[in-house]
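Down below is the structure, laid out as C-alpha cells.
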Amino acid sequence: MKNRFIAAAAMPAALVGAVNNGLARTPQMGWNNWNTFACDVSEKLLLETSKLLGDYGLKDLGYQYVVLDDCWSTGRGDDGYLVPDTAKFPEGMGAVADKLHKEGFLFGMYSSAGEMTCARYAGSLDYETQDAESFASWGVDYLKYDNCYHMGRMGTPLISFNRYNEMAKALKKTGRSILYSLCSWGEDYVHTWGGSIANSWRISGDIYDSFARPDDLCACNNAADPACVAPGTHCSVLAIINKVATFVDRGLPGAWNDLDMLEVGLGGMTEEEYKAHFAMWAALKSPLLLGNDLRKMDATTLSIINNPAIIAVSQDPKGRSAIRISRNLEAPIDEHGVGETQVWSGALANGDQVVIFLNAADEDVDMSATLSELFVMHGPGGSAPHVKQDWTVRDLWGNEGARMSKGVAQAVLDATSEGERNGILKRENWYNATATPYAEGLEQGDARLLGERVGTVKAGGRLEARVPRHAAKVFRLQSASGKTGTAKSSLKDEL
Ligand SMILES: *[C@@H]1O[C@H](CO)[C@@H](O)[C@H](O)[C@H]1NC(C)=O
C-alpha cells in the first residue's frame, strides 16, 4: 500500500524540476502581508499574525511560511549590504526569523531583481551575492523576488533568465535551503524556464480583489493575445485563470505556476466567489498564500481557508494541475461583457479525480460533463477505462467531511484561550496535517479529506450540477467499483 503511493508521488526523472532544492514538493502555503498591508510592515505584524495562524489551526493545515513583502529596509550600507529598518524591525531580521522558527514557522522575505523594489526601496540587481548572504545569515527560508526597476534587462527569455538566475546561484552558494519564488509577472515565457531555477513563478500581473471585472490595468489576461505585452496589475481571478489555462501543466513538484496571493477575506468578492477562487488556486497548484488580516477575520473566511478537503487537492502527492476540458463563451454576460463557464478535471494520486464546474456567467447555470470528457487525459473519445466504471461523487464544500460550519468557525475565532480553541478543534476532530500529512491521510482514506457524498455517476454517464452565478462546484470522483483498479490504471498511465 505504502509503496503504491510513493510510486504515484514520484515523478519521472525528466520531469523533476532542475532547481531540485527539495522544497515545495507540494505548493507552498502561508501568509504574505502585501494584499492587506502593503508597506505597513513590522515585526509586530508578523508575530501577531503567526500567533493567529497557530491559534486558529491554520499552521497545522499547512500554512507555514510567513512572508514579509516590500518596504523592510532603509537602503544599502557602505559595505554594500542591505540595512533593515529598525523602526519596523527593532531587533533586525534575524530576530524575526528566530522567533518564527521557535513557533514552528518558516520565514519569507522579499526583494526585486531590479535597481529598486516596486515601492522604491533598494533592489538586489547586481547585489545578488551580498543580499543572498544576508538572507541566509538571518535564517530566511523563502525569497519572493520581484521584477520592478529591471533596468531594461528583459525582452527575451534568456535575458530574464540570466537576471533571475544570478539570485538562484547566489542563494545556492549560501548553502541554506531557501524557497525561491519568482515574481516576474509572466514576462518572457517564465513558465518555460522558471522551473529550472526556482520553486514557483508568477504568471500574471498582480491580482486584485475582484472575481471577474475586467480592468485596463491588467492588459494581459490571455497569453495568446498579441496585446499581451505589459502584465500590469488589477488582474481578476477569472483573468488569471484564463491566462494560465494554456500552460497549467508546467507546474510540477518543486516548481509551480504562481497565480498570486489569495484575496479571500479582503471583502471585494462574495462568499461563493471566494470559495471558487480558493478551490481553483488549489486545483491549479498555485501556492496558497493568504493575504487577509487575520486579526479581523470573520467566520466565513476561516471556514473557506481551513477546508481540509480543498487543501488536500492542493497538497495531493501526484502534484499535477487540473486541466480545462471545456469552456463555454456563450454563457450570459454581465454589464462588462464578461460571462463564461468552464469545466476543469484533474487526476489525483489515489486514482480519484477532481472536477470543477466554474460558473463565471451572469446567472445560475446547469452544467454537465460526460465521463468521457472528464477522463479525456486517460484516452480520447471515451476510450479511457475510467469511463466504464461507476463513480461516487463527493462535494468538497459539503458540510459533512469538508467545510467547517460557520458556527464552529465563529467559536474558534471567539475563544479566549488557547485551551478553549484547541478544545473546539479537537471536539470537531479537525484535520491536523502536522500530525497526519495529507499524503498519509489520503492513503488512509481519511473522510475529512474526501468531502460529502452527494451521488453517483454510472458508467458511461454524465456529471451534472446547477452552479450558482459566480461560483464553482468542486467534486472528488471516486471509483465505486473498487478503488484499487482505478488507482492501478492511473498509475500505469503515469509510469
Ligand atoms: C497538531 O498536531 C501536532 C503534532 O501532533 C500538535 O503538536 C498540535 O498541537 C496539533 N494541533 C492542534 C491544533 O491540535
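Values quoted throughout were computed directly from the atomic coordinates according to the rules given, and no laboratory measurement underlies them. Since we're looking at a predicted model, the values are computed, not measured. Note: ideal-geometry Cβ built from the backbone for every residue, glycine included; neighbour counts use all protein chains shown.
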Looking at VAL19, HIS470, ILE241, which one has the Cα that reaches farthest to the positive end of the dipole of the chain (charges on Cβ: Lys, Arg +1; Asp, Glu -1)? VAL19
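Considering only the other residues whose Cβ falls under 10 Å of the Cβ of SER286, what net charge follows from Lys and Arg at +1 and Asp and Glu at -1?
Details: positive: ARG202, LYS285; negative: ASP258, ASP260.
Around SER286, the charge tally is 0.
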Specify whether the C-alpha gyration tensor of the range 128-226 places it in the rounded, prolate or oblate class, a ≥ b ≥ c being the square roots of the eigenvalues: rounded for a/c under 1.5, otherwise prolate if a/b is larger than b/c and oblate if not. prolate
State the antiparallel share, in %, of DSSP beta bridges confined to the chain, rounding to the nearest 5. 60 percent
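Quick one: net charge around LYS169, please, counting Lys, Arg +1 and Asp, Glu -1 for every other residue with C-beta under 14 Å from its C-beta. Working shown, then result.
Details: positive: ARG163, LYS172, LYS173, ARG176; negative: ASP126, GLU128, ASP131, GLU133, GLU166.
Neighbour charge sum, excluding LYS169 itself: -1.
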Note down the magnitude of the dipole of the chain about its Cα centre, charges +1 on Lys and Arg C-beta and -1 on Asp and Glu C-beta and zero elsewhere, to the nearest 20 debye. 1840 debye
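Residues with beta-carbon under 9 Å from that of CYS39, excluding CYS39: net charge, scoring Lys, Arg +1 and Asp, Glu -1?
Details: positive: none; negative: ASP40, ASP69, ASP70.
Local charge sum for CYS39: -3.
Kirkwood Rh over Cα pairs of the range 377-449 into Stokes-Einstein at 4 °C, 1.567 mPa s: D in µm²/s?
My calculation gives 85 µm²/s for D.
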As I understand it, the dipole of the chain uses +1 on the Cβ of Lys and Arg and -1 on the Cβ of Asp and Glu, about the Cα centre. Which of ALA122, LEU46, SER481 lies farthest toward its positive end? SER481
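Is there a quick way to get the dipole size of the range 135-227? I mean about its Cα centre, with the Cβ of Lys and Arg at +1 and of Asp and Glu at -1; what is the value in debye to the nearest 20? Walk me through the numbers on the way to the answer.
Details: 9 positive and 10 negative charges, 124 e Å.
It comes to approximately 600 debye.
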Farthest positive-ward along the chain dipole, Cα basis, beta-carbon charges - from ILE356, ALA415, HIS386: HIS386
Within straight cross-link reach of LYS388, meaning Cα distance under 20 Å, which aspartates and glutamates are found once same-chain residues fewer than 8 apart are removed? ASP352, GLU373, GLU464, ASP493, GLU494
Determine the shape class of the chain: with a ≥ b ≥ c the square roots of the Cα gyration tensor eigenvalues, call it rounded for a/c under 1.5, and otherwise prolate if a/b is greater than b/c, oblate otherwise. prolate
Classify the range 235-338 as rounded, prolate or oblate from the Cα gyration tensor: take a ≥ b ≥ c as the square roots of its eigenvalues, call it rounded if a/c is under 1.5, otherwise prolate when a/b beats b/c and oblate if not. oblate
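Beyond a 22 Å Cα-Cα separation, which of these cross-linked pairs lie in this structure: LYS88/LYS285; LYS102/LYS406; LYS144/LYS169; LYS99/LYS144; LYS275/LYS296? Can you show the working numbers first?
Numbers: LYS88/LYS285 33 Å; LYS102/LYS406 31 Å; LYS144/LYS169 15 Å; LYS99/LYS144 20 Å; LYS275/LYS296 19 Å.
Beyond 22 Å between Cα atoms: LYS88/LYS285; LYS102/LYS406.
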